[in-house]
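> Encoded as structure tokens, here's the structure I'll be asking about.
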Amino acid sequence: MTSINVQNITKKFGTQIAVNDVSFDVNSGEIFGLLGPNGAGKTTTIRIILDIFKPDSGKVVILGGPMDESKKNLIGYLPEERGLYQDMPLDRCLTYLATLKGIDQATAQNRIQTWLERFDLIEHRKKKLKELSKGMQQKAQLITTLIHDPELIIIDEPFSALDPVNTQMVKDLLREQRAAGKTVVMCTHQMNQVEELCDRLVLINKGQAMLYGTLHEIQQKFAKPAVLVSSPDPLPTPIAGVTSIDKVNGSSLLHLEKGILPQTILQELMSAHLTLEKFEIAMPSLDEIFIEVVKNQEVPHE
């Protein structure tokens, strides 16, 4: 089942094209990455999905049809810009925002108690939002996103201002939501977080969808013929079928001649009686893929 279907949406602001003929689907029960650099068109795409902006062309189908008032309480949205009332105490602010999602006050307060304990904010519940650190405010914003148990969760830069401990906490939380059958759209420019969490992704640059699919599909598309090898023993030289060797984080990256299979290299290393601690096909990171895609897009074509 598809939670979001984006069909050829385009959005201009004056002469600036923010989103240019972008299409993708988000399946129910997955974490989907909407990624790209700052200014790529990610947030504009999210606002079109949420019906905050109207596209100049194309359309969005969300939870089976067009956006309407009945669907808004089924969606949790974490914007990149914080939208909390800075002069209100934390618990009062969270309660008020929860009631806007149709939750009665008693239920809201019970849920808020649970969330504050989980996020280590219980001691700060009576403080005004402006008295909290940026990381604490980010966690409070996450509570408002999830307090009404939404079916679809859209989060824009969820790890902003979080330290490593709280970043891991949020990662675990997103995995829990997926395991519960919720759909999560994670909008970010942090490629490593997408690699770790997302089932599928679309990469947008300069308003255009440049890559779309699973991480494995995208990595295979850009993979070079190479293997990563780690051994306490020195590698034999030369190795037939290997054009060059680079050192990468304590391992050896073996670049292969065209047509040489990794299995052939493995057999040769084994015949040299090496103790192999690691042998794997080298896959490019999303950072490496993104840099390649962006550079190719910037090169003028005749």
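The values are calculated or read from the model by the stated rules, or taken from the named source; none is laboratory data. Quantities reported herein were computed from a predicted structural model and do not represent experimental measurements. No Cβ is skipped: glycine too gets one built from the backbone with ideal geometry, and neighbour counts run over all protein chains shown.
> Given the conditions (1) surrounded by fewer than 20 Cβ atoms within 10 Å (Cβ to Cβ); (2) modelled with pLDDT of 95 or more; (3) closer than 23 Å to S3 by Cβ, which single one is not true for P89?
Of everything listed in (1) surrounded by fewer than 20 Cβ atoms within 10 Å (Cβ to Cβ); (2) modelled with pLDDT of 95 or more; (3) closer than 23 Å to S3 by Cβ, P89 misses just condition (3).
> Out of E151, E176, which single residue is in the same structural domain as L201 (by TED's automatic domain parsing), in contact (Cβ under 8 Å) with a residue 24 or more places away in the chain and not β-branched (V, I, T)?
Within the list E151, E176, the selection yields E151.
> For the range 51-60, give me each residue that is in contact with a strand residue (DSSP E or B) (Cβ under 6 Å, 6 or more places away or on another chain) and either hydroxyl-bearing (S, T, Y) or surrounded by fewer than 16 Cβ atoms within 10 Å (Cβ to Cβ) (or both).
D56, S57, K59
> Something else about it: Can you tell me how many residues within the range 2-16 are more than 30 Å from G181 (Cβ to Cβ) and in contact with an Asp or Glu (Cβ under 9 Å, 6 or more places away or on another chain)? Outline the logic, then answer.
Step one: filter the range 2-16 for residues more than 30 Å from G181 (Cβ to Cβ), giving 10-16.
Add one more test, that the residue is in contact with an Asp or Glu (Cβ under 9 Å, 6 or more places away or on another chain), and what stays is 10-12.
Adding up the residues that qualify gives 3.
> Could you list, in sequence order, all residues of the range 161-187 that are among the β-branched types (V, I, T) and either in contact with a Ser or Thr (Cβ under 7 Å, 6 or more places away or on another chain) or at pLDDT 95 or above (or both)? Step through it out loud before you land on a result.
We begin by selecting, within the range 161-187, every residue among the β-branched types (V, I, T); these are 165, 167, 170, 183-185.
Selection gives T183, V184, V185.
> What helices (runs of 4 or more DSSP H) lie completely within the range 42-147 and have 3 or more residues being within 17 Å of V184 (Cα to Cα) and in the same structural domain as V184 (by TED's automatic domain parsing)?
On the way: elements: 42-49, 69-72, 90-99, 105-118, 134-146.
Here the list reads 42-49, 134-146.
One line per residue, one yes/no per condition, for (1) among the hydrophobic types (A, V, I, L, M, F, W, C); (2) in contact (Cβ under 8 Å) with a residue 24 or more places away in the chain; (3) on the phi > 0 side of the Ramachandran plot; (4) surrounded by 14 or more Cβ atoms within 10 Å (Cβ to Cβ):
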site: Q168; (1), (2), (3), (4): no, no, no, no
site: G181; (1), (2), (3), (4): no, yes, yes, no
site: N192; (1), (2), (3), (4): no, yes, no, no
site: L211; (1), (2), (3), (4): yes, yes, no, yes
site: F222; (1), (2), (3), (4): yes, yes, no, yes
site: T237; (1), (2), (3), (4): no, no, no, no
site: I245; (1), (2), (3), (4): yes, no, no, yes
site: S251; (1), (2), (3), (4): no, yes, no, yes
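> For the range 181-226, give me each residue that is in a helix (DSSP H, G or I) and among the aromatic types (F, W, Y). Break it down into steps so the answer makes sense when it comes.
Initial filter on the range 181-226 (in a helix (DSSP H, G or I)): 191-197, 215-222.
Matches in the range 181-226: F222 only.
> Right, something else. Yes or no: the range 104-118 includes at least one residue that is exposed (fewer than 13 other Cβ atoms within 10 Å of the Cβ) and touching a residue at least 12 places away in the same chain (Cβ under 8 Å).
Within the range 104-118, none of the residues are exposed (fewer than 13 other Cβ atoms within 10 Å of the Cβ) and touching a residue at least 12 places away in the same chain (Cβ under 8 Å).
> Checking the conditions here, which among F53, F13, F24 is touching a residue at least 60 places away in the same chain (Cβ under 8 Å) and of a type in the set (F, W, Y)?
F24
Listed here are the residues, each with its yes/no results for (1) polar (S, T, N, Q); (2) within 35 Å of the chain's Cα centre (by Cα); (3) modelled with pLDDT of 95 or more.
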residue: D233; (1), (2), (3): no, no, no
residue: S244; (1), (2), (3): yes, yes, no
residue: T275; (1), (2), (3): yes, no, no
residue: K278; (1), (2), (3): no, yes, no
residue: I289; (1), (2), (3): no, yes, no
residue: N296; (1), (2), (3): yes, yes, no
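> Taking the condition touching a strand residue (DSSP E or B) at 6+ places or on another chain (Cβ under 9 Å) and closer than 29 Å to Q138 by Cα, does S28 pass?
Considered against the rule, which asks whether it is touching a strand residue (DSSP E or B) at 6+ places or on another chain (Cβ under 9 Å) and closer than 29 Å to Q138 by Cα, S28 comes out as yes.
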